[in-house]
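Novice: Before anything else, here's the structure in question.
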There are 2 protein chains.
Amino acid sequence: MFDPIAEARRNWERHGWGSVDAMSAATSITRAHQIVLGRVNAVLAPFGLNFSRFEALALLAFSRTGALPLGKMGERLQVHPASVTNTIDRLERDGLVQRMPHPTDGRTTLASLTAEGRRLVGQAQEALASIDFGMAGLERAHLEGIDAGIRELRRSAGDF
Amino acid sequence: MFDPIAEARRNWERHGWGSVDAMSAATSITRAHQIVLGRVNAVLAPFGLNFSRFEALALLAFSRTGALPLGKMGERLQVHPASVTNTIDRLERDGLVQRMPHPTDGRTTLASLTAEGRRLVGQAQEALASIDFGMAGLERAHLEGIDAGIRELRRSAGDF
DNA sequence: GTCGTTTACTTGGACGTCCAAGTAAATTTC
DNA sequence: GAAATTTACTTGGACGTCCAAGTAAACGAC
């Protein structure tokens, strides 16, 4: 078996196509996402969760009151409002969060963690840590190389 | 504005949750994928393409005859057979590839690049190179840091 | 050479994501 | 303080991805 990305690199060069290093990094990111998401979701599946839903629960667990406006959640998780609606629909259906009206702003809906949701997110977190978040086998230097390189990318995208 | 990933890191530590570095790297990868895919697809949209369809066309353009079995394409692109069917359906509908029977194996379908497809993929490649594949602004060292870290991840996933 | 197994692709269905448009409530403007 | 604008969320629809099941052809065993 050969490495599909190394193969793409060779082809790219052979045809005189541009930005080979960038193409390789971009393709690597796509593949890495696929690998990590697959591993993470596999571990979360027994809990009835996936990565999106886990992230939403974790965000609520970190908040002072266990409840946040949906809009704020979308901002923090960097996803579209419609995706938040969808995620919370599912978590609510499973009894892990509950929608509540905002006390002072009638436009706003709060998602509030239930006791069951708080219990489950703790268990799920432990399971994720046990597989090192899908990054098992990578040395600290590799993790930091990924993190540092991507930090520049995120900076250029205006993330901070 | 603050960095959502740095924020997640702080929360994670504050709650004594495990594998902080791995969590951070995994979350970074997710976000990087989102950024790169968004930029790449924005550039490809005027051509009626997206990243998946572009990758399929490029793969065909690199092949000796401009045609490949769908199964082989899924292997190289590392996607599910059903996704290949979907991608080729769309490319065929747009007249960029054509399905052809395999000359000797009746089970196999070939996707064959049309003249229009070959023309378009060349233009699209130039457009992608002009934005450095969504990685504009990253120094070579960062690209290589990403690439090297992810190579370990891919190795551990059995990519090569 | 026939039967069972494997391989190749397609189909139908579930999900997750986004966008555009819609509804409803707050805020701003004058 | 009424009208126009902005903000917050939901809805319907398009896409892309995967899985499971189905069809069809080739391979292998005997």
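Novice: Residue by residue through the stretch A:95-117, note down the ones that are within 12 Å of DNA strand C (Cβ to nearest atom) and surrounded by fewer than 16 Cβ atoms within 10 Å (Cβ to Cβ).
Specialist: Scanning the stretch A:95-117 gives A:P101, A:H102, A:P103, A:T104, A:D105, A:G106, A:R107, A:T108.
Novice: With (1) closer than 26 Å to A:V36 by Cβ; (2) crowded, with 18+ Cβ neighbours inside 10 Å as the list, and B:H15 as the residue in question, which single condition is left unmet?
Specialist: (2)
Novice: With the checklist (1) crowded, with 22+ Cβ neighbours inside 10 Å; (2) of a type outside the set (S, T, Y); (3) facing chain B (nearest Cβ under 8 Å); (4) in contact with a Ser or Thr (Cβ under 9 Å, 6 or more places away or on another chain) in hand, flag the one item A:G145 doesn't pass.
Specialist: Only one criterion is unmet by A:G145, namely (4).
Novice: Further, regarding this structure: So which of B:V79, B:V36, B:V84 is outside any helix (DSSP H, G or I) and either away from DNA strand C (no atom under 15 Å from the Cβ) or within 16 Å of the chain's Cα centre (by Cα) (or both)?
Specialist: Values: B:V36 fails: outside any helix (DSSP H, G or I); B:V84 fails: outside any helix (DSSP H, G or I).
Of the residues listed, the single one that is outside any helix (DSSP H, G or I) and either away from DNA strand C (no atom under 15 Å from the Cβ) or within 16 Å of the chain's Cα centre (by Cα) (or both) is B:V79.
Novice: Considering A:D147, A:D159, which residue is assigned to a helix (DSSP H, G or I) and touching a helix residue (DSSP H, G or I) at 6+ places or on another chain (Cβ under 9 Å)?
Specialist: A:D147
Novice: For the stretch A:38-81, give me each residue that is more than 10 Å from chain B (Cβ to nearest Cβ), within 30 Å of B:V79 (Cβ to Cβ) and among the β-branched types (V, I, T).
Specialist: Across the stretch A:38-81, the qualifying residue is only A:V43.
Novice: For a quick check of your reading of the model, give me the residue pairs whose first member lies in the stretch B:114-134 and is within 12 Å of another protein chain (Cβ to nearest Cβ), whose second is polar (S, T, N, Q), with beta-carbon atoms closer than 8 Å and at least 6 apart or on different chains.
Specialist: Hits for this filter: B:L128/A:S19; B:A129/A:S19; B:D132/A:S19; B:F133/A:S19.
Novice: Right, here's the next one. Where the second residue is of a type in the set (V, I, T) and part of a helix (DSSP H, G or I) and the first is more than 22 Å from A:S52 (Cα to Cα) and lies in the stretch A:16-37, which pairs have Cβ atoms under 9 Å and are six or more apart or on separate chains?
Specialist: Partner pairs satisfying both residue conditions: A:S24/A:I5; A:A25/B:V36; A:A25/B:I146; A:A25/B:I150; A:A26/B:V36; A:A26/B:V40; A:T27/A:I5.
Novice: For the stretch A:49-76, name all the residues that are near DNA strand C (Cβ under 10 Å from one of its atoms) and in contact (Cβ under 8 Å) with a residue 60 or more places away in the chain.
Specialist: Within the stretch A:49-76, just A:L49 meets the criteria.
Novice: Can you report the number of residues in the stretch A:39-50 which are surrounded by fewer than 21 Cβ atoms within 10 Å (Cβ to Cβ) and under 12 Å from the mean Cα position of the chain (by Cα)?
Specialist: Here the count works out to 2.
Novice: Consider A:T87 carefully, then state whether it is of a type in the set (S, T, Y), away from chain B (no Cβ under 14 Å) and buried (at least 20 other Cβ atoms within 10 Å of the Cβ).
Specialist: yes
Read-outs throughout are calculated quantities, based only on the coordinates presented, and are distinct from any laboratory measurement. Here the structure is a predicted model, which means the values were calculated and not measured. For neighbour counting, all protein chains shown are included, and Cβ atoms are generated from backbone atoms with ideal geometry for every residue, glycine included.
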